[in-house]
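Report on one structure; see the data block that follows.
The values are calculated or read from the model by the stated rules, or taken from the named source; none is laboratory data. Quantities reported herein were computed from a predicted structural model and do not represent experimental measurements. Glycine gets a Cβ as well: all are built from the backbone with ideal geometry, and neighbour counts include every protein chain shown.
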Amino acid sequence: MSRHTLIAMPSRSLHALLIALGLALQSHAAPPNVIMLLVDDMGYADLGCMGAKDIRTPHIDRIAAEGVRMTDFYANAPVCSPTRAAFITGRWQQRCGIEWAIGLTSEEEKRVNGALVPVKERFTMGLMPEDTFLVPLLKKNGYGTACYGKWHLGFKPEHNPVKHGFDEFWGILGGQCDYYRYHYIDGMKQLYEKTEPATAEGYITDLINQRTVRYIREQSRQPFFIYVPYNAVHHPYQVPDDPTQFYTAENKNDGTRAGYAKMLERVDQGIGYIFAALEEKGILDNTLIIFTSDNGGERFSDNRLLFNHKTTLWEGGIRVPCLLRWPAGGLPKGAVSTQTAITMDLTATLLAAVGLPVPPTMDGINLLPILSGKAAPIERTLCWRVDRTGRNMKAIRHGEWKYVQDDLVEMLFNLREDISERHDLYHEHLDKVKDLKAKLAAWEAEVDKVPPPIRIH
């Protein structure tokens, strides 16, 4: 049994069926465009379509109303960089050694062959081109490729998005910045165009949206893939239209729920402009639009029924909204899916959508057959690990069951009956605990091995 069968994928035969069904959906003449919209640190209930009453997100809600809303979707990690690495690679982030937010602390470590190796200098870690294939594969098959927004997968030239196949890159290389001045809390410049430092004027969320819209309008006949990883709604909590605010060590966590709402509403406004540009070009319905968050919400977010927040493996740290719209590809209007899924599944789904085979060395699965109603939901086994000074957590979800190890405390929850993780069933289901712990240990042993390379054909 391969790692893909054991951990992240159904049986090989069922997986093949899912791929075949996904490819069968591609009956339209023109290859689809793809836009991946990724927000930062957004809470599970911060969208209108997820129950928000104090934040207006009509354009994001439109994706759900005209597509599929997933209720049991997870980020690959409870912080930024690993989830982004998982999307770009289509694999568990452990396979490329990026398990925590790059450049965040001096305790930076990269896992090599299962062992944690200290990285002595900050800002030297990053995702290497040999670990990725998604964007080069799209480019090889005729796609224009662009990335506008927050990269957070390395600062050095060899880590830059253009080294990973993107024709265009404009945005910040690090994990956060002043929304008006584009520098880190210590003054380090973050804004780049391709590999060169850039200058600009304006609120960075607006600028990201403007770049995206301009790219859509300037495209001719070729299909395109646009990756739009917003900095919002990550701190600093600087609201639109007030450039007098400054990002300092003293005020980095200042803010209000109302200000947070304005930040997310500005993202939504830009997505409305993206919709308009696609409609102007006559390509809206044959554009796969994906919207999700890189991890759970932080201090001003609303996780509603979910327990805890970003940086933890409780549901509030890893369960996130995920919306997909693609009428030409068979995604139904206004559907709700309870299929358990994870960020790296979006990579496999994207490939299937454009008619390319999903490499067997990928860890994610193609969701299109399930989301379109062509195949029944499947039982998944998903795992997470946080291995940091002061915080050691592991978690596994298999079907409706979730086992959590928080330092020395072990707990078991039935998420179908207890989404808030309030009723520990550890002692009532010791056999289930034993089974999940064995699966979790097998996953750890597997992802810490040197992975086979993914070849681009």
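Has segment 54-62 got at least one residue that is assigned to a helix (DSSP H, G or I), at pLDDT 95 or above and buried (at least 24 other Cβ atoms within 10 Å of the Cβ)?
Yes, segment 54-62 contains a residue that is assigned to a helix (DSSP H, G or I), at pLDDT 95 or above and buried (at least 24 other Cβ atoms within 10 Å of the Cβ).
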So which residues in segment 404-434 are free of Cβ contacts under 8 Å to residues at least 12 places away in the same chain and surrounded by 15 or more Cβ atoms within 10 Å (Cβ to Cβ), if there are any at all? 418
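One line per residue, one yes/no per condition, for (1) farther than 30 Å from residue 412 by Cβ; (2) without any contact (Cβ under 8 Å) to a residue 24 or more places away in the chain; (3) of a type outside the set (Gly, Ala, Ser):
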| site | (1), (2), (3) |
| --- | --- |
| 266 | yes, no, yes |
| 269 | yes, no, yes |
| 290 | yes, no, yes |
| 293 | no, no, no |
| 303 | no, no, yes |
Please enumerate the residues belonging to segment 235-274 that are at pLDDT below 95 and closer than 23 Å to residue 343 by Cα. 235
Output the residues belonging to segment 328-351 that are over 18 Å from the mean Cα position of the chain (by Cα) and over 23 Å from residue 398 (Cβ atoms). 328, 329, 330, 331, 332, 333, 334, 335
Would segment 107-130 turn up any residue that is out of contact with any Gly (no Cβ under 9 Å at 6 or more places or on another chain), at pLDDT 90 or above and more than 18 Å from residue 38 (Cα to Cα)? no
Cβ-Cβ under 7 Å pairs, at least 6 apart or on other chains, segment 122-135 side in a loop (DSSP other than H, G, I, E, B) and surrounded by fewer than 23 Cβ atoms within 10 Å (Cβ to Cβ), far side modelled with pLDDT under 90 and among the small types (Gly, Ala, Ser): 122/103; 122/106; 123/103
List, please: which pairs have Cβ atoms under 9 Å, are six or more places apart or on different chains, and start with a residue in segment 180-205 that is without any contact (Cβ under 8 Å) to a residue 40 or more places away in the chain and within 21 Å of residue 153 (Cβ to Cβ) and end with one that is part of a helix (DSSP H, G or I) and basic (Lys, Arg)? 195/163
Could you count how many residues in segment 400-421 are touching a strand residue (DSSP E or B) at 6+ places or on another chain (Cβ under 8 Å) and part of a loop (DSSP other than H, G, I, E, B)? 4
Can you pull out every residue in segment 208-233 that is surrounded by 23 or more Cβ atoms within 10 Å (Cβ to Cβ), of a type outside the set (S, T, N, Q) and in a loop (DSSP other than H, G, I, E, B)? 230, 232, 233
Check whether at least one residue in segment 212-222 is touching a residue at least 24 places away in the same chain (Cβ under 8 Å) and within 24 Å of residue 296 (Cα to Cα), and report yes or no. no
